[in-house]
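Chemist: Mind looking over this structure? Questions follow.
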Amino acid sequence: MDNFRTALLATAASALSLATAPAALAAGLSFTSYTTANGLGSNFLNGVYASGSSIYAATMGGLSISTNGGSNWTNYTTSNGLGNNAVSGVYASGSSIYAATSGGFSISTNGGSNWTNYTTVNGLGSNSVANVYASGSSIYAATQDGLAISTDGGSNWTNYSTANGLGGNFVNGVYASGSSIYATTNGGLGISTDGGSSFINKTTANGLGNNSLRGIYVSGSSIYTASGSGVSISTNGGSSFTNYTTSNGLGSNSTRSVYASGSSIYAATTGGLGISTDGGSNWTNYTTANGLGANNVRGVYASGSTIYAATSGGGLSIAQQLAVPGPLPLFGAASAFGFSRKLRRRLRAAASTSC
């Protein structure tokens, strides 16, 4: 029976390696990069957003939009009404597109063909707008001199600052969820539950890696912030944070943007795109070796199985994240890969020689 057992084990090992192969393959990502050759306004991107079949890229040469997965782009500039061609952030909601520029806050309601630009004349704290978010009827503009909020489509803004409890007036990022507003500043994370009238400021005393914060994303009670000292995550609404760095696998501690989708967390760093599937404890870093246009990633977004990375100098990089299947039962795997007949033949041959 020794020949029988040897054949059985060899065949089982072959089937097992094939059964687990798809999971190993699915664990990797390969990015395809799109540049000015595809119509982007610039290869230097600051942010990216996707909604339905449309992709929006905030570039240093305008706001670029693709409706075919990135193969082709239409670029919109000051000639279309943008406040400035240097676009630092973008968001879309329904038929409206919002662009944060260095020359004001621009809104389009016709797919980007025409823009209306709003400035300090309309109540913005500064014309240099770093980021944007919209929720319901409210629009939020992170500016270099406060967080501006509009409830009338952008015509009028109310600006909130350190006088309202923000840690600093230089606001880099903003997110809103229900009645809560989150603003990352050069002095901490401001959280408001009353529409911006008052903020509670979170700092390194709460576990943040750095008080000078950049990007932010919120999902339920989980808050994700990006800074020059890593990614800080809170699972209790901001009461306390745990900071994750290169020691956890990030490509760099200098992070510009963070996003979460399902069980995955994405971090845009100056040393690649980091992805964690265990709450931030461990990260897998993706670089130009995986097809990224550049290792300096300034923005990240994920929609469904698609990951978008806005790079500095390498355009927009897009990858499809495959679902990782669980291991198949041994003999079910053999059957699934067409090995059931081969298995039976080898077992019969082994049995006959062992008798």
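The values are calculated or read from the model by the stated rules, or taken from the named source; none is laboratory data. What you see is a predicted model, and the numbers here were worked out from it, not measured in a lab. Here Cβ is always computed from backbone atoms with ideal geometry, including for glycine, and neighbour counts include all displayed protein chains. Note: areas computed on protein heavy atoms with side chains; ligands, DNA, RNA excluded. Shrake-Rupley method; radii C 1.70, N 1.55, O 1.52, S 1.80 Å.
Chemist: Looking at region 136-159, which of its residues are open to solvent by less than 40 Å² (accessible area, probe 1.4 Å) and on the phi < 0 side of the Ramachandran plot?
Modeler: Hits for region 136-159 are Ser138, Ile139, Tyr140, Ala141, Ala142, Thr143, Leu147, Ala148, Ile149, Ser150, Trp157.
Chemist: Also, quick follow-up: Among the residues of region 206-237, how many are more than 22 Å from Tyr301 (Cβ to Cβ), crowded, with 24+ Cβ neighbours inside 10 Å and among the small types (Gly, Ala, Ser)?
Modeler: Final tally of qualifying residues: 0.
Chemist: Please specify each residue of region 185-210 satisfying the condition of being among the polar types (S, T, N, Q) and closer than 17 Å to Ser239 by Cβ.
Modeler: Residues of region 185-210 that are among the polar types (S, T, N, Q), as a first pass: 185-186, 192-193, 197-198, 201, 203-204, 206, 210.
Scanning region 185-210 gives Ser192, Thr193, Asn201, Thr203, Thr204, Asn206.
Chemist: Answer with yes or no whether Gly103 is touching a residue at least 24 places away in the same chain (Cβ under 8 Å) and surrounded by fewer than 21 Cβ atoms within 10 Å (Cβ to Cβ).
Modeler: Values: touching a residue at least 24 places away in the same chain (Cβ under 8 Å): yes; surrounded by fewer than 21 Cβ atoms within 10 Å (Cβ to Cβ): yes.
Taking the combined requirement at face value, the residue satisfies it.
Chemist: Of Val121, Val174, which residue is outside any loop (DSSP other than H, G, I, E, B), open to solvent by less than 30 Å² (accessible area, probe 1.4 Å) and modelled with pLDDT of 95 or more?
Modeler: Working: Val121 fails: open to solvent by less than 30 Å² (accessible area, probe 1.4 Å).
From the options Val121, Val174, the qualifying one is Val174.
Chemist: Then there is this: Considering only residues that are out of contact with any strand residue (DSSP E or B) (no Cβ under 8 Å at 6 or more places or on another chain) and either part of a strand (DSSP E or B) or hydroxyl-bearing (Ser, Thr, Tyr) (or both), which ones fall in region 46-77? Before the answer, list the steps.
Modeler: Applying the first criterion (out of contact with any strand residue (DSSP E or B) (no Cβ under 8 Å at 6 or more places or on another chain)) to region 46-77 yields 52-53, 68.
Ser53 - this is the single residue of region 46-77 that is out of contact with any strand residue (DSSP E or B) (no Cβ under 8 Å at 6 or more places or on another chain) and either part of a strand (DSSP E or B) or hydroxyl-bearing (Ser, Thr, Tyr) (or both).
Chemist: Still on this structure, I have one more. Which residue out of Ile223, Ile191, Ile149, Ile181 is assigned to a strand (DSSP E or B), farther than 17 Å from Thr242 by Cα and touching a Lys or Arg at 6+ places or on another chain (Cβ under 9 Å)?
Modeler: On the way: Ile223 fails: farther than 17 Å from Thr242 by Cα; Ile149 fails: touching a Lys or Arg at 6+ places or on another chain (Cβ under 9 Å); Ile181 fails: touching a Lys or Arg at 6+ places or on another chain (Cβ under 9 Å).
The conditions single out Ile191.
Chemist: Could you say whether any residue in region 78-88 is under 22 Å from the mean Cα position of the chain (by Cα), part of a strand (DSSP E or B) and under 27 Å from Gly153 (Cβ atoms)? First the steps, then the outcome.
Modeler: Restricting attention to region 78-88, the residues satisfying the condition of being under 22 Å from the mean Cα position of the chain (by Cα) are 86-88.
Still in the list and also part of a strand (DSSP E or B): 87-88.
Add one more test, that the residue is under 27 Å from Gly153 (Cβ atoms), and what stays is 87-88.
Taking every residue of region 78-88 in turn, at least one turns out to be under 22 Å from the mean Cα position of the chain (by Cα), part of a strand (DSSP E or B) and under 27 Å from Gly153 (Cβ atoms).
Chemist: Consider Thr203 against the criteria (1) open to solvent by 40 Å² or more (accessible area, probe 1.4 Å); (2) of a type in the set (S, T, N, Q); (3) farther than 30 Å from Tyr286 by Cβ; (4) touching a residue at least 24 places away in the same chain (Cβ under 8 Å): it satisfies all of them except one. Which criterion is unmet?
Modeler: The one condition Thr203 does not meet is (1).
Chemist: Are any residues in region 209-220 assigned to a loop (DSSP other than H, G, I, E, B) and among the small types (Gly, Ala, Ser), and if so, which ones? It would help to see each step written out before you state the result.
Modeler: Kept after step one, since they are assigned to a loop (DSSP other than H, G, I, E, B), are these residues of region 209-220: 209-212, 220.
Of everything in region 209-220, those that are assigned to a loop (DSSP other than H, G, I, E, B) and among the small types (Gly, Ala, Ser) turn out to be Gly209, Ser212, Gly220.
Chemist: Turning to a different aspect of this structure: Here is a check on your reading of the model: is Gly279 modelled with pLDDT under 95 and either surrounded by fewer than 17 Cβ atoms within 10 Å (Cβ to Cβ) or of a type in the set (Val, Ile, Thr) (or both)? Quick ask: steps written out before the conclusion?
Modeler: Working: modelled with pLDDT under 95: no; either surrounded by fewer than 17 Cβ atoms within 10 Å (Cβ to Cβ) or of a type in the set (Val, Ile, Thr) (or both): yes.
No; evaluated as a whole, the condition is false for this residue.
Chemist: Asn243 - would you say it is modelled with pLDDT of 95 or more, in a strand (DSSP E or B) and open to solvent by 40 Å² or more (accessible area, probe 1.4 Å)? Break it down into steps so the answer makes sense when it comes.
Modeler: Working: modelled with pLDDT of 95 or more: yes; in a strand (DSSP E or B): yes; open to solvent by 40 Å² or more (accessible area, probe 1.4 Å): yes.
So Asn243 fits the description; yes.
Chemist: Something else now. List every residue pair whose Cβ atoms lie under 7 Å apart, where the two residues are 6 or more positions apart in sequence or sit on different chains, the first residue falls within region 161-174 and is farther than 21 Å from Ala226 by Cα, and the second residue, located anywhere, is surrounded by fewer than 20 Cβ atoms within 10 Å (Cβ to Cβ) and not acidic (Asp, Glu).
Modeler: From residues that are farther than 21 Å from Ala226 by Cα, the pairs are Asn164/Ser197; Asn164/Ser198.
Chemist: Condition check: within 27 Å of Ser179 (Cβ to Cβ), touching a residue at least 40 places away in the same chain (Cβ under 8 Å) and charged (D, E, K, R). Does Arg298 satisfy that? Write out each step before concluding.
Modeler: On the way: within 27 Å of Ser179 (Cβ to Cβ): no; touching a residue at least 40 places away in the same chain (Cβ under 8 Å): yes; charged (D, E, K, R): yes.
Here the answer is no, as Arg298 does not meet what is asked.
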